[in-house]
């Protein structure tokens, strides 16, 4: 074990034994966190690498659905929605997305028999050019794996936990990597090729890992606002502080129409015999979606926006667009009766933290700076995969025949700086804190009491 | 040692239990719109061949709108057989804008109030009945939810 050899080299009697203990503790945590979260990290890196190219991939996969031949006048939006309604009787039309340019089809999202599907409409013929079930969208699957391992809430928490523990891995890894004495940049900034296999194995893990740290930390920090627990709380705190996203952009409710219910015209078909007072049909009637599209165009909403169609009497039309660049984002709520703009949130209206998060998200997705952005993110993803594999290889090669090869565990409380670090991380990322508590509990209840386990884990 | 564990447990549970959500007045901290609110006030019942006054009450930011940017009324019959061209409504104060009109015949009508003030544009459409409904109008009402799709010139 070259780590130990390096340690011995420093030897300053008492001081070194304390340092040694700290080193071992950190190494142990790095070791376990690495082994436990390595599979998830690889999964995230692989799915992330693919998802970076979502737009390009979908443009190829769904070219037949996306492309239409521009010719003459366009059919009105409401006529297109009527056509969809006729094709899918009983379905609820939930969303409409006008094509971002003349040669792009419009998308109508309907919810039918408990499943959601997109109908692609040719605005020139007013006919459907195809349908795509949400469940059949491969990129959605990739996103589901990346965000929640396809297991909903539990998966979301596991991914979040892995992301938080990646921070622990980087912090502990940084400590292990940090040069103990000045002896050049070999093994620090570049791997040492001529010093034997053991050293090279260590360097092939530690050196690229160091180079990746900044990028990976960025991906973790920009990914966390998406997460269900940390992310939601974070978003709530910054939104409530006035410095985040305005409400309804990420979390919080859309404003509701302030029209009184009795002012809305009733539909007499509810009462077959029409015994309802006829005066109740007098009142405000909902605005057609065509008018919403007009308003969106007047207000200069970035093309490629979606219109969410109100399903309740006091609901509102919500326009929203999250284009490649954060600065073009917009969320707008429009009264479904009067067409009044009830809220109009652009990037400029975000608080300072909201702006940073928005940039973080477009950078994370690789869309902010196009191809350069995608390639840098791809390199980080590939680097993560490489580092995970060299890490596991390192362990495999060092592992004794019997036992896990984990460094011997001194009590965590004896190493105060490390304890302090874990407490700070445990508070900043409560899931980390919670999982540390669980580790302690398992350690106390099982590992320390079952000799075979204790021996194998070197606890 | 125990106290440290307890402290940690306390902080962790605090963070987990305090799963917060956006507060209701968070919107006040960001850019706010001042949407125009229009309330239509029709005499009831309306009858044909007599002059009646239709009114709209405009409010913005909770206050009646004096000297609105513009308030135009547009009225048409459901089958488009009758159209009263867009006309400027007269302001009579306290946010009330009105227009006198004499309906030629009974039927199902629509009034669209085009109004704009201080950056907010609205055009609500009000469905109303003059006199008696014809069989055909009754049927069309039963057909389904009323929408402004009857509005002429909207298709493009």
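Inside segment A:426-438, residues that are in a helix (DSSP H, G or I) and either in contact with a helix residue (DSSP H, G or I) (Cβ under 6 Å, 6 or more places away or on another chain) or in contact (Cβ under 8 Å) with a residue 60 or more places away in the chain (or both) make up a count of 9.
Step by step: first the residues of segment B:115-137, then only those that are within 15 Å of the chain's Cα centre (by Cα) and either more than 10 Å from every other protein chain (Cβ to nearest Cβ) or surrounded by fewer than 18 Cβ atoms within 10 Å (Cβ to Cβ) (or both), then the one that is nearest to residue B:80 (Cα to Cα). Which residue is that? Before the answer, list the steps.
Restricting attention to segment B:115-137, the residues satisfying the condition of being within 15 Å of the chain's Cα centre (by Cα) are B:115-117, B:120-128.
Next, from what is left, pick out any that are either more than 10 Å from every other protein chain (Cβ to nearest Cβ) or surrounded by fewer than 18 Cβ atoms within 10 Å (Cβ to Cβ) (or both): B:116-117.
On the way: B:116: 26, B:117: 29 Å.
Filtering segment B:115-137 for residues that are within 15 Å of the chain's Cα centre (by Cα) and either more than 10 Å from every other protein chain (Cβ to nearest Cβ) or surrounded by fewer than 18 Cβ atoms within 10 Å (Cβ to Cβ) (or both), the one nearest to residue B:80 (Cα to Cα) comes out as B:116.
Filtering segment A:335-355 to residues that are more than 8 Å from chain B (Cβ to nearest Cβ), surrounded by fewer than 23 Cβ atoms within 10 Å (Cβ to Cβ), touching a helix residue (DSSP H, G or I) at 6+ places or on another chain (Cβ under 9 Å) and farther than 19 Å from residue A:317 by Cβ leaves A:347, A:348, A:353, A:355.
For residue A:105, which of the numbered conditions (1) touching a helix residue (DSSP H, G or I) at 6+ places or on another chain (Cβ under 7 Å); (2) at pLDDT below 90 fails to hold? Among (1) touching a helix residue (DSSP H, G or I) at 6+ places or on another chain (Cβ under 7 Å); (2) at pLDDT below 90, residue A:105 violates only (2).
Are any of the residues in segment B:27-37 part of a helix (DSSP H, G or I) and within 7 Å of chain A (Cβ to nearest Cβ)? Don't jump to the end; show me each part of the working.
Step one: list which residues in segment B:27-37 are part of a helix (DSSP H, G or I), which gives B:27-29.
Narrowing the set further to residues that are within 7 Å of chain A (Cβ to nearest Cβ) leaves B:27, B:29.
Yes, that holds for at least one residue.
Matching residues to (1) closer than 17 Å to residue A:384 by Cβ; (2) within 14 Å of another protein chain (Cβ to nearest Cβ); (3) surrounded by 15 or more Cβ atoms within 10 Å (Cβ to Cβ); (4) touching a residue at least 24 places away in the same chain (Cβ under 8 Å):
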| site | (1), (2), (3), (4) |
| --- | --- |
| A:203 | no, no, yes, no |
| A:212 | yes, no, yes, yes |
| A:216 | yes, no, yes, yes |
| A:222 | yes, no, yes, yes |
| A:226 | no, no, yes, yes |
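If I go through segment B:55-97 residue by residue, how many of them are part of a loop (DSSP other than H, G, I, E, B) and over 23 Å from residue B:127 (Cα atoms)? Steps first, please.
At the first step, the residues of segment B:55-97 found to be part of a loop (DSSP other than H, G, I, E, B) are B:61-62, B:65-69, B:78-82, B:89, B:94-95.
Now narrow it down to the ones that are over 23 Å from residue B:127 (Cα atoms): B:61-62, B:65-69, B:94.
Going through segment B:55-97 one residue at a time, the tally reaches 8.
Identification of helices (runs of 4 or more DSSP H) wholly contained in segment A:39-118 with 1 or more residues that are within 30 Å of residue A:388 (Cβ to Cβ) yields A:54-61.
Evaluating residue B:145 against the criteria (1) loosely packed, with under 13 Cβ neighbours inside 10 Å; (2) at the interface with chain A (Cβ under 9 Å from one of its Cβ atoms); (3) at pLDDT 90 or above leaves one unmet condition, (3).
Just need a number here: residues in segment A:155-185 that are under 20 Å from residue A:144 (Cβ atoms) and without any contact (Cβ under 8 Å) to a residue 12 or more places away in the chain. Counting residues in segment A:155-185 that are under 20 Å from residue A:144 (Cβ atoms) and without any contact (Cβ under 8 Å) to a residue 12 or more places away in the chain gives 1.
Yes/no per residue for (1) outside the structural domain of residue A:302 (by TED's automatic domain parsing); (2) closer than 13 Å to residue A:131 by Cβ; (3) surrounded by fewer than 16 Cβ atoms within 10 Å (Cβ to Cβ); (4) over 32 Å from the mean Cα position of the chain (by Cα):
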position: A:78; (1), (2), (3), (4): yes, no, no, yes
position: A:83; (1), (2), (3), (4): yes, yes, no, yes
position: A:86; (1), (2), (3), (4): yes, no, yes, yes
position: A:91; (1), (2), (3), (4): yes, yes, no, no
position: A:97; (1), (2), (3), (4): yes, no, no, no
position: A:103; (1), (2), (3), (4): yes, no, yes, no
position: A:107; (1), (2), (3), (4): yes, yes, no, no
position: A:110; (1), (2), (3), (4): yes, yes, no, no
position: A:117; (1), (2), (3), (4): yes, yes, no, no
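In segment A:6-26 there is no residue matching the filter, namely being assigned by TED's automatic domain parsing to the domain that holds residue A:161, assigned to a helix (DSSP H, G or I), closer than 30 Å to residue A:150 by Cβ and modelled with pLDDT of 75 or more. Considering segment A:247-282, the residues that are assigned to a helix (DSSP H, G or I) and either more than 8 Å from chain B (Cβ to nearest Cβ) or modelled with pLDDT of 85 or more (or both) include one that is surrounded by the most Cβ atoms within 10 Å (Cβ to Cβ), namely A:280.
Counting only strands (runs of 3 or more DSSP E) that fall entirely inside segment A:296-357 and contain at least 2 residues that are closer than 10 Å to residue A:257 by Cα, the qualifying elements are A:316-321, A:330-335.
The values are calculated or read from the model by the stated rules, or taken from the named source; none is laboratory data. Predicted model only: the values in this text are computed from it and were never measured. Neighbour counts run over all protein chains shown; Cβ positions are idealised from the backbone, glycine included.
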